[in-house]
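The values are calculated or read from the model by the stated rules, or taken from the named source; none is laboratory data. Treat the numbers as computed from the prediction; the structure is a model and nothing was measured. Cβ placement follows ideal geometry from the backbone for every residue including glycine, while neighbour counts extend to all protein chains displayed. Only protein heavy atoms, including side chains, enter the accessible area calculation; ligands, DNA and RNA are left aside. Shrake-Rupley method; radii C 1.70, N 1.55, O 1.52, S 1.80 Å.
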Amino acid sequence: MNGQKTVWVTGASSGLGLHTAMALRDDGWRVIAGARSFEDGEADGMVRLKLDVTDDESVRRFCEKAAGIAMPDALVQCAGMLVLGSCEETTVEEFRRVMDTNYLGMVRMNREVLPLMRRQGGGKIVLFSSINGLMGIPFQSAYTASKHAIEGYAECLALEVKPFGIQVMLVEPGDHRSGSDKYRPHAASMTAASPYAEAYGSATARIHHDETNGSDPDALGRKIARTLDRKTIPFRKRIASLDQHLAVYIHRLLPAKFNAWILRKYYIRKKKEA
Ligand SMILES: NC(=O)c1ccc[n+]([C@@H]2O[C@H](COP(=O)([O-])OP(=O)(O)OC[C@H]3O[C@@H](n4cnc5c(N)ncnc54)[C@H](OP(=O)(O)O)[C@@H]3O)[C@@H](O)[C@H]2O)c1
């Protein structure tokens, strides 16, 4: 790389955000990392700044401090969470929390960063979506809706900012063994008394199994770092196992009722009669 480039990374205290930040650092980028659990300072070869993407003022302060250190050649937005629960029992407040973090968090960051990138004549914006940005699975509706929102938003954004030399990339990870249960709370009303309890137990066990046996988060970080080094980046980068790639294609090709049958079979297993 000619001259050190700078990347700002949100949600960089754990999971895929941390792995991506470390891969970019190892690749020679100056990394300015943000998360709520950070105190301002330096650690592990990265600058750390406190950041809550749900708070306008925190986002503004983060961008002001980061810009005082180095302008962003790239912005990678990984901050995210999900709430597991049925559509019926997940509260509006729980939906709002997920949307505010995953989707509006990106909107807030971009509103601060786009003027900087426009003024410097370009930049790269990476938005973490998910396979769930392309297809829904049971009991992840708040998360799935937020990732679908990101997909639609990114299409509009890319069209608008291209004339300013700004490129947008959606990263669509499949299951990776990186996520922490801390960011995957159950909706408060998902108790044993729920009418969905049996299906919910089956689906969440499957979700947990797939994630803990998922792909390598280091490899994802390295793929993103390699891609960001290119002059031109793709609009979509799906990073998933072969069966998850296939699931997306099948979802596109098959009529909705066959998709629903496959997904119900996969996620919702009935307990055998004793
Ligand atoms: N893991 C997977 O299999 C998978 C699959 C598809 C997509 N993804 C996406 O990849 C991204 C990372 O997920 P993960 O599961 O790897 O990580 P994770 O361990 O769940 O970490 C989430 C990160 O987001 C940060 N965060 C949460 N709320 C925040 C807020 N309000 N402001 C700032 N930062 C906040 C957390 O840091 P603090 O608590 O310190 O703020 C943490 O660094 C997410 O966008 C997720 O949707 C993950």
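What the table below lists for this structure:
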read-out: Span from the the stretch 180-206 Cα centroid across to the the stretch 207-274 one, whole angstrom; value: 21 Å
read-out: Label-point gap, in nm, between Lys270 and Asp216 - each point 7 angstrom along Cα→Cβ; value: 4.2 nm
read-out: C-alpha long axis of helix 105-120 to longest principal axis of the chain, angle in °; value: 30 degrees
read-out: Residue with peak Gaussian network fluctuation, the chain [Cα springs, cutoff 10 Å], from Lys237, Lys162, Lys50; value: Lys162
read-out: Backbone HN-Hα couplings from phi across the stretch 237-252 [Karplus 6.51/-1.76/1.60, Hz, Gly and Pro as x]; value: 10, 8, 10, 8, 5, 4, 5, 6, 4, 4, 4, 5, 5, 4, 4, 6
read-out: All lysines inside 28 Å of Lys147 as judged from Cα atoms, apart from same-chain residues fewer than 8 positions distant; value: Lys50, Lys124, Lys162, Lys182, Lys223, Lys231, Lys237, Lys257, Lys265
read-out: Helix 256-267 vs. the chain, principal-axis angle (Cα, 0 to 90°, nearest 10); value: 90 degrees
read-out: Pairwise label distance in nanometres, Arg226 with Arg119, each label 7 Å out on the Cα-Cβ vector; value: 3.6 nm
read-out: Contour minus Cα-Cα distance for Arg96 and Glu39 (0.36 nm per residue); value: 17.9 nm
read-out: Protection proxy ranking, peptides 86-92, 29-35, 12-18, average beta carbon neighbours within 10 Å, highest first; value: 29-35, 12-18, 86-92
read-out: Share, in percent, of DSSP beta bridges within the chain that are antiparallel, nearest 5; value: 10 percent
read-out: Heavy-atom accessible surface of the stretch 27-178: percent carbon and sulfur, 1.4 Å; value: 51 percent
read-out: The stretch 1-145: antiparallel DSSP beta bridges as a percent of all, rounded to 5; value: 15 percent
read-out: Net charge of neighbours whose Cβ lies under 13 Å from the Cβ of Ser189, counting Lys and Arg as +1 and Asp and Glu as -1; value: -4
read-out: Highest to lowest packing among 142-153, 37-48, scored as the average C-beta count within 10 Å; value: 142-153, 37-48
read-out: Inter-label distance for Ala256 and Arg177, nm, one decimal - labels placed 7 Å from Cα along Cα-to-Cβ; value: 3.7 nm
read-out: Around Arg222: net Lys/Arg minus Asp/Glu count, Cβ-Cβ under 13 Å; value: -1
read-out: Residue-normalised accessible area of the chain, expressed per residue, 1.4 Å probe, Å²; value: 50 Å²
